Structures are given as C-alpha cells and as structure tokens.
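These notes are about the structure you will find just below.
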Amino acid sequence: MKNKRFMTLIVAVVTMIICLSGCSGIKKLEDIKVTSANIESMTPDGLRGVRLGLAVGVDNPGVQVSLSEISCSFKHSGKVLGMVAVDPFTLHARTEEVYNLKADISLSENTSLFDLGRLMNKAVLEEAVVDFSANVRLKGGISRKLVYNDIPVKKLLETAK
C-alpha cells in the first residue's frame, strides 16, 4: 500500500511535467493530454537513488515540442526531501504515442528515514509541495523556461486519479 502511494506520486510528477509543458500560452500546447502512465522498470542507484523507466502515453494534436533540463524537487515543511530529473524527450507533432522516459529520483543528503516514514501518512504527504522547472522548445525554435513553485502534492494526487 505504501509503495503504491509512492509510485502514484512519481507517476503524478512525471504526468505533471508533461502537462505543465502545455501551459506556455500557445493554443495547441494547451491541448496536449497525458493518456496513460506506467512504471516499467525500477533500478536502485546507490542507497539514496532510484532510476525509473516509464511508459507515458501522450496525445499531442499540435506542433512538435521538445523538453529538456526537466527537474522537480519534493519539499515538506520547507525542507527539500528529494529530487526527480527526467531525461530530455520530444513530443512528436499530431500523434498519440507512448514515450519511454527515464527518470532519476534521489534523496537529499539531509533526508532521514524518519522524514520518509512520516510521508507514509496520507495527510502528511498531502501537505508536501513540489517545485518544477523545464525548458520547452517548439519545432519552430521558440523556447521558454517554465518554472512552477509550491504545487501542492494533494493536487497532483487528485490529477493522477
């Protein structure tokens, strides 16, 4: 049960990364929809990290969009507990496709097992927030850095359902 909640959160974060890339004000980008998200592989990376293989279905009715420098930090009570970094990828124009993405999850050095244990309580988890940033480039060369701070985890979990 606890592992399922953690995996749902990770899928929600990756889904948010793709969805927020459509918030740049260009009409067609607003139509980008995530149609599915699954964790296909999970490989430990030392004692403080995990490498995930994700299969994310995306319906992109508009232009080609490239995302790079994608990062997300997970905070609770003002303390950064961990980071998620997603490898760069490109959403192809006018397609509904499943993209195989790689994501690295790492715990902050000052994060203890006690901090993580507290997050297993759903009420405490929903108090956490996420900061997100990514570079978004349209095929025509228009580029923009997106930065969103203090996105409530509660909102992400509701979106993932």
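Residues of region 61-82 that are in a strand (DSSP E or B) and under 26 Å from Lys33 (Cβ atoms): Val65, Ser66, Leu67, Ser68, Glu69, Ile70, Ser71, Cys72, Ser73, Phe74.
Ser106 fulfils the conditions (1) part of a strand (DSSP E or B); (2) of a type in the set (S, T, N, Q); (3) closer than 18 Å to Pro44 by Cβ; (4) open to solvent by less than 40 Å² (accessible area, probe 1.4 Å) except for a single criterion, (4).
Kindly check whether there is at least one residue in region 122-142 that is β-branched (Val, Ile, Thr), assigned to a strand (DSSP E or B), open to solvent by 50 Å² or more (accessible area, probe 1.4 Å) and in contact with a strand residue (DSSP E or B) (Cβ under 8 Å, 6 or more places away or on another chain). Checked region 122-142: no residue is β-branched (Val, Ile, Thr), assigned to a strand (DSSP E or B), open to solvent by 50 Å² or more (accessible area, probe 1.4 Å) and in contact with a strand residue (DSSP E or B) (Cβ under 8 Å, 6 or more places away or on another chain).
Of all residues in region 83-98, how many are in contact with a Gly (Cβ under 8 Å, 6 or more places away or on another chain) and either open to solvent by less than 20 Å² (accessible area, probe 1.4 Å) or part of a strand (DSSP E or B) (or both)? Residues that pass the stated criteria total 3. Restricting attention to region 47-60, the residues that are farther than 14 Å from Val34 by Cα and either part of a strand (DSSP E or B) or among the hydrophobic types (A, V, I, L, M, F, W, C) (or both) add up to 6.
Condition check ((1) modelled with pLDDT under 65; (2) exposed (fewer than 13 other Cβ atoms within 10 Å of the Cβ); (3) touching a Cys at 6+ places or on another chain (Cβ under 7 Å)) across all residues:
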residue	(1), (2), (3)
Lys4	yes, yes, no
Cys19	yes, no, no
Gly22	yes, no, no
Ile26	yes, no, no
Gly62	no, no, no
Phe74	no, no, no
Gly78	no, yes, no
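For region 119-147, a residue qualifies if it is farther than 17 Å from Lys79 by Cα and within 12 Å of the chain's Cα centre (by Cα), and the qualifying residues are Ser133, Ala134. Here Ser112 passes the criteria (1) among the hydroxyl-bearing types (Ser, Thr, Tyr); (2) under 18 Å from the mean Cα position of the chain (by Cα); (3) open to solvent by 40 Å² or more (accessible area, probe 1.4 Å) except the one numbered (2).
The values are calculated or read from the model by the stated rules, or taken from the named source; none is laboratory data. These numbers come from a predicted model, not from an experiment. Heads up, the Cβs are rebuilt from the backbone with ideal geometry, glycines too, and the neighbour counts pull from every protein chain shown. With ligands, DNA and RNA removed, areas are computed over all heavy atoms of the protein, side chains included. Shrake-Rupley method; radii C 1.70, N 1.55, O 1.52, S 1.80 Å.
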